[in-house]
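The values are calculated or read from the model by the stated rules, or taken from the named source; none is laboratory data. What you are looking at is a predicted structure, and each value in this text was computed from that prediction instead of being measured. Here the Cβ positions follow ideal geometry from the backbone for every residue, glycine too, while neighbour counts run over all protein chains shown. Keep in mind that these areas ignore ligands, DNA and RNA; they rest on the heavy atoms of the full protein, side chains included. Shrake-Rupley method; radii C 1.70, N 1.55, O 1.52, S 1.80 Å.
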2 protein chains.
Amino acid sequence: MDEIDRNITVALQLDGSAGLAELAKVAGLSVSATAERVKRLEERGVIRAWRADLDPVAAGCPLLVHILVTVAPGRDETAFRMAMRRQETVLECHAITGDWTYLLKVRLADLPALDAFLNDELRAQSGVQRVETLLAIATVKETSILPVAPATEE
Amino acid sequence: MDEIDRNITVALQLDGSAGLAELAKVAGLSVSATAERVKRLEERGVIRAWRADLDPVAAGCPLLVHILVTVAPGRDETAFRMAMRRQETVLECHAITGDWTYLLKVRLADLPALDAFLNDELRAQSGVQRVETLLAIATVKETSILPVAPATEE
DNA sequence: GCTGAAATTGGTTCGTG
DNA sequence: CACGAACCAATTTCAGC
């Protein structure tokens with residue numbers, strides 16, 4: 001993971017359809033050497049997948065909510081976690097520090113869908129004590145582009 | 001945006017490197033018809049970009065924090081929003097309902113980097129009154145794959 | 001490990017039903 | 001609007017440095 005790999009990963013996050021010729025220029029290498037680098041980044045698991053980045057509104061899920069959840073202590077949370085993983089509308093689920101147990105990121109079509117999710121999916125889970133819904137009024141920024149740290153050894 | 005487009009967008013989110021031959025099978029169309037569909041989805045802005053999906057740990061930003069921020073009312077928040085957009089570590093910034101003004105999603109290398117971000121970038125912004133940091137202990141789920149709504153007209 | 005050219009597997013573009 | 005074949009540009013492979 002040298003400086004060249006860093007440049008490649010940054011470029012491929014911005015535009016993965018650019019092609020090796022374009023990529024070779026930013027890497028400062030030949031086309032074949034660049035292809036080799038990309039293949040190694042895939043093998044090492046740095047690049048996990050190639051994805052189409054969709055517009056949430058066009059995809060039919062314009063509503064974005066973050067939900068703070070408190071789960072009763074001492075309970076086995078495996079069932080809760082499995083249920084969150086299974087739900088397609090749940091984009092993220094993190095166990096967090098502080099007063100709350102989990103923070104969810106959920107994308108939905110409309111408010112009735114939110115109502116249904118809160119009642120049928122979330123509050124239906126055993127152990128769920130407290131729920132607070134934070135509705136996104138405006139999204140200032142939303143990206144999946146990670147800040148690749150410079151100069152990480154092997 | 002019919003059922004075929006839905007299948008295509010779902011498949012391309014899961015694996016954008018599959019190729020048109022593979023994609024044509026899940027779409028139930030010929031290769032050229034599938035290519036036409038994909039091109040139209042790009043033109044209509046449903047597909048915004050093609051990206052390499054990186055592993056956050058391998059990319060050197062294993063620390064994930066969500067930060068709730070209260071900004072003094074009546075202030076012009078343009079400067080704050082611009083600053084958040086400029087920061088590469090800030091993956092998301094949403095204006096939200098409830099007691100807080102903004103919710104941030106931030107990825108960092110380590111705790112010193114978090115300390116630096118809170119002091120130099122966030123609290124340094126004029127108007128910032130209250131900050132609460134929610135550190136992710138464990139990530140149960142984190143995906144960028146959107147739940148594409150079925151049967152959305154035009 | 002990188003280079004550059006040959007070989008091959010794609011995607012793209014046409015005419016046709 | 002979808003199909004199939006020919007075209008063309010891409011990636012992949014390989015010998016040499």
Single residue of A:44, A:37, A:48 found to be touching a residue at least 24 places away in the same chain (Cβ under 8 Å) and either of a type outside the set (A, V, I, L, M, F, W, C) or more than 7 Å from chain B (Cβ to nearest Cβ) (or both): A:37
Options B:123, B:130; residue that is open to solvent by 70 Å² or more (accessible area, probe 1.4 Å) and closer than 20 Å to residue A:136 by Cα: B:130
Residue in region A:92-102 that is more than 9 Å from chain B (Cβ to nearest Cβ) and over 22 Å from residue B:138 (Cβ atoms) present: no
Filtered residue count, region A:1-18, keeping only those that are in a loop (DSSP other than H, G, I, E, B), within 12 Å of DNA strand D (Cβ to nearest atom) and open to solvent by less than 40 Å² (accessible area, probe 1.4 Å): 1
Checklist (1) at pLDDT below 95; (2) of a type in the set (Lys, Arg); (3) in contact with a His (Cβ under 9 Å, 6 or more places away or on another chain) applied to residue B:75, failing item: (3)
Filter pass, residue B:99 being within 13 Å of DNA strand C (Cβ to nearest atom), in contact with a strand residue (DSSP E or B) (Cβ under 8 Å, 6 or more places away or on another chain) and among the acidic types (Asp, Glu): no
Near pairs, Cβ below 8 angstrom, 6+ apart or cross-chain, from region B:8-27 (facing another protein chain (nearest Cβ under 8 Å)) to any residue that is at pLDDT 95 or above and within 9 Å of DNA strand C (Cβ to nearest atom): B:12/B:23; B:12/B:38
Residue in region A:49-58 that is within 16 Å of DNA strand D (Cβ to nearest atom) and open to solvent by less than 20 Å² (accessible area, probe 1.4 Å) present: yes
Qualifying residue in region B:103-117 (condition: open to solvent by 60 Å² or more (accessible area, probe 1.4 Å), part of a strand (DSSP E or B) and within 24 Å of residue A:102 (Cβ to Cβ)): no
Total residues in region A:21-43, condition within 10 Å of DNA strand C (Cβ to nearest atom) and either open to solvent by 70 Å² or more (accessible area, probe 1.4 Å) or aromatic (Phe, Trp, Tyr) (or both): 4
Every residue from region B:72-91 that is of a type outside the set (Ser, Thr, Tyr), in contact with a Phe, Trp or Tyr (Cβ under 9 Å, 6 or more places away or on another chain) and open to solvent by 10 Å² or more (accessible area, probe 1.4 Å): B:77, B:81, B:87
Set B:131, B:148, B:140, B:69: member being facing chain A (nearest Cβ under 10 Å) and not in a loop (DSSP other than H, G, I, E, B): B:140
Residue tally, condition farther than 21 Å from residue A:47 by Cβ, within 25 Å of the chain's Cα centre (by Cα) and within 11 Å of DNA strand D (Cβ to nearest atom), over region B:19-38: 1
Test: residue A:140 is touching a His at 6+ places or on another chain (Cβ under 7 Å) and closer than 23 Å to residue A:14 by Cα: yes
